[in-house]
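To start, the structure itself, in structure tokens.
The values are calculated or read from the model by the stated rules, or taken from the named source; none is laboratory data. Not measured: the values here are computed from a predicted model. Note that we place each Cβ from the backbone using ideal geometry, even for glycine, and neighbour counts take in every protein chain shown. Accessible surface areas use protein heavy atoms only, side chains included; no ligands, DNA or RNA. Shrake-Rupley method; radii C 1.70, N 1.55, O 1.52, S 1.80 Å.
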Amino acid sequence: MKIGVTYTNTCGLGEKKLHKLDKPTKDSQFWDLLDTLGHRIKIKGWTKFTGDMLPEGVDTLKDTYYTNWNDVEVLYHIAPWFNDEQHRRLLGNDIIHIIYFDDSVEKFDPQFLTNFSNLAQIFSVVQPIGNRFSVSFYTRGNIPSFEPFTPPTNCILSLEEVRDFVLTRSYNGSHMVFTVPPMNLLHSRPRERTIASLAAKFPKQKKKKQSVGPRKRAESIDDGITCGTAEEEARYSTLKWSGAKNDLFEPIKRGIIGFGSDSSD
């Protein structure tokens, strides 16, 4: 999973573009957030998940942040460290975004989100409130609702809670995005091409009729490759949150129905 991380201290861009926003100061809590979301790495020579960054190309001089969270590799695209070309190539193709709004007084204006590309679908907005953080979420209008839901009152969390809450919601949202148009085409078309190539490589072979025993009407057997729909995969691969107060931020993988797991929500 790749996530774009943007810093801003204003919602009114005016003539500014996202790649020309002010940079965070050295003492900004923005860096504390990044250190909680993952650990800093150098992309040059990086052999794990790269999130479309180029370990042997133009991105070799860039640092970034990475984590392995619940067996999900997450690489962050840090906007303040990117040049214009990287903003276009990397952040411009990110579906999930975290926006750090460095203002403890002003209320975040969702109009700010219109500055992102059409591919951006899931937004988490983190705003410092003293030593804790306010978290709010925004999505494109056609995306179905998904857990974890924000509390009815202000969602004020510690840094560790922000990490689990934001990553769980981002992961769940990344699956829901591909169940609705137009993003579902990004999921279905590559699968269709892969299945078509496999079908061409391994054509169906006719089975020989057995002459032993009484003749029975042959049952048709489909040897074709089948797979679940995007909606089914999204339903069964999301993470959910426990309702117990002590386990409020304990993500639990939902089992697949039919394999002995509890399917009730």
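Put simply, of I3, I43, I99, I78 the only residue that is free of Cβ contacts under 8 Å to residues at least 24 places away in the same chain and surrounded by 16 or more Cβ atoms within 10 Å (Cβ to Cβ) is I43. I'm trying to understand the selection: among the residues of the stretch 32-54, which are assigned to a loop (DSSP other than H, G, I, E, B) and not charged (D, E, K, R)? Passing the criteria: G38, I43, G45, W46, T47, F49, T50, G51, M53, L54. Among all residues of the stretch 54-71, there is none that is aliphatic (A, V, I, L, M) and open to solvent by less than 60 Å² (accessible area, probe 1.4 Å). Within the stretch 6-31, the set of residues being surrounded by 15 or more Cβ atoms within 10 Å (Cβ to Cβ) and either assigned to a helix (DSSP H, G or I) or in contact with a Gly (Cβ under 9 Å, 6 or more places away or on another chain) (or both) comprises L18, H19, Q29, F30, W31.
Within the stretch 114-131, the set of residues being farther than 20 Å from Q29 by Cβ and either open to solvent by 10 Å² or more (accessible area, probe 1.4 Å) or of a type in the set (S, T, N, Q) (or both) comprises T114, N115, F116, S117, N118, L119, Q121.
Taken together, the residues in the stretch 155-198 that are of a type in the set (S, T, N, Q), closer than 28 Å to Y65 by Cα and assigned to a loop (DSSP other than H, G, I, E, B) amount to 1. Within the stretch 187-205, residues that are closer than 28 Å to L119 by Cβ sit with their Cβ atoms under 9 Å from residues that are among the aliphatic types (A, V, I, L, M) and at pLDDT 85 or above, at 6+ positions apart or across chains, in these pairs: H187/V177.
Residues that are open to solvent by 30 Å² or more (accessible area, probe 1.4 Å), outside any strand (DSSP E or B) and farther than 26 Å from S28 by Cβ within the stretch 132-150 comprise R140, G141, N142, P144, S145, E147, F149, listed in sequence order. Being over 11 Å from I3 (Cα atoms) and part of a strand (DSSP E or B): is that true of R88 here? Considered against the rule, which asks whether it is over 11 Å from I3 (Cα atoms) and part of a strand (DSSP E or B), R88 comes out as no. Pairs linking a residue in the stretch 123-143 that is free of Cβ contacts under 8 Å to residues at least 24 places away in the same chain to a residue that is open to solvent by 20 Å² or more (accessible area, probe 1.4 Å) and among the aliphatic types (A, V, I, L, M), with Cβ atoms under 8 Å and 6 or more positions apart or on different chains, are S134/I156.
Report whether or not Q111 is surrounded by 12 or more Cβ atoms within 10 Å (Cβ to Cβ), over 17 Å from the mean Cα position of the chain (by Cα) and not in a loop (DSSP other than H, G, I, E, B). In short, no. K107 falls short of the stated requirement of being of a type in the set (K, R) and in contact with a Ser or Thr (Cβ under 9 Å, 6 or more places away or on another chain).
Pull up the stretch 156-168, narrow it to residues that are open to solvent by 30 Å² or more (accessible area, probe 1.4 Å) and in contact (Cβ under 8 Å) with a residue 40 or more places away in the chain, then point me to the one that is nearest to P128 (Cα to Cα). It comes out as L159.
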